[in-house]
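K.L.:
The structure's right below; bear with me while I get my questions together.
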Amino acid sequence: MAVTLVNPDGLPQVEAYRQVSVATGTKLVFIAGQVAWDADGRTVGVGDLAAQVEQCYLNVATALAGVGGSFDDVVKLTVYVADWTPDKMPLFGEGVARAAAKLGVTPVPPGSLIGVAALDVPDHLVEVEATAVLD
């Protein structure tokens, strides 16, 4: 495996993600921001943050699979959420948990969650970018 995820001593032991990823592979993969579109380009879960988070993570997994990877290869996620407020964290976590259950993995690489005013279209509430390393 090309990626090892770590929560080093001296940093908070966060359950939602790991603080550090160590990549030893040779093939870098950059996944464009994935929004809550299905394969036909229709928005999934209009107005439902958890459903959109789930779809975004599933789309990232689909993109990774398309190049021979999986969430095990992700070294960093960047998540953009429209109109973010901390009280939305339970819905965000629910969406991640639902995607993890469907994928059979816990996508917990280091990441950043960034609140933004808006995304590409008004119906999109979240966008997820990924960077991965493959052997």
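The values are calculated or read from the model by the stated rules, or taken from the named source; none is laboratory data. All figures in this text were calculated on a predicted structure; none of them were measured in a lab. Counting neighbours? That spans all protein chains shown, and the Cβs are built from the backbone with ideal geometry, glycine included. Protein only, heavy atoms only, side chains kept; ligands, DNA and RNA dropped before computing areas. Shrake-Rupley method; radii C 1.70, N 1.55, O 1.52, S 1.80 Å.
K.L.:
Expressed as a rounded percentage, what relative contact order does the chain have, with Cα pairs under 8 Å and six or more residues apart?
P.N.:
39
K.L.:
Still on this model: Rounded if a/c is under 1.5, else prolate if a/b is larger than b/c, else oblate: which is segment 1-67, with a ≥ b ≥ c the root eigenvalues of its Cα gyration tensor?
P.N.:
Oblate, because a/c is 1.5 or more while a/b does not exceed b/c.
K.L.:
Further question: Want the number for residue 9 to residue 106: 0.36 nm per residue separation, take away the alpha-carbon distance, what's left?
P.N.:
This chain segment gains 32.8 nm when fully extended.
K.L.:
Okay, next question. How far apart, in nanometres, would the label points at residue 65 and residue 94 be if each is projected 7 angstrom from Cα along the Cα-to-Cβ direction?
P.N.:
About 2.5 nm, to one decimal.
K.L.:
Also, I was wondering about something else. Does anyone have the angle between helix 89-103 and the longest principal axis of the chain? Alpha-carbon axes, 0 to 90°, nearest 10?
P.N.:
In the chain, helix 89-103 runs at an angle near 60 degrees to the longest axis.
K.L.:
Which loop trypsin sites (Lys or Arg not before Pro) in segment 26-135, with loop taken from DSSP, have no more than 14 other Cβ atoms within 10 angstrom of their Cβ?
P.N.:
Answer in residue order: 42.
K.L.:
Further, regarding this structure: Dividing the convex hull volume of the alpha carbon atoms of the chain by its residue count, what do you get in Å³ per residue? The partial results should precede the final answer.
P.N.:
Working: hull volume 14.1 nm³, N = 135.
Normalising the Cα hull of the chain by residue number yields 105 Å³.
K.L.:
Which whole-Hz couplings ³J(HN,Hα) result when phi for each residue of segment 18-24 is put into the Karplus expression 6.51 cos²θ - 1.76 cosθ + 1.60, θ = phi - 60°, listed in order with x for Gly and Pro?
P.N.:
For segment 18-24, the Karplus curve yields 9, 6, 9, 10, 10, 10, 10 Hz.
K.L.:
How much accessible surface does residue 26 have with a 1.4 Å probe, in Å² rounded to 10?
P.N.:
So the heavy atoms of residue 26 present about 120 Å² to solvent.
K.L.:
Within the chain, what percent of beta bridges assigned by DSSP are antiparallel, to the nearest 5?
P.N.:
Antiparallel bridges make up about 75 percent of those DSSP assigns within the chain.
K.L.:
Give me the angle, in degrees from 0 to 90, between the Cα long axis of helix 49-66 and the longest principal axis of the Cα atoms of the chain, rounded to the nearest 10.
P.N.:
50
K.L.:
Once every DSSP H run of n ≥ 4 in the chain is given -39500 (n - 2.57) and the sum is divided by its residues, what mean residue ellipticity at 222 nm do you get, rounded to the nearest 500 deg cm²/dmol?
P.N.:
-8000 deg cm²/dmol
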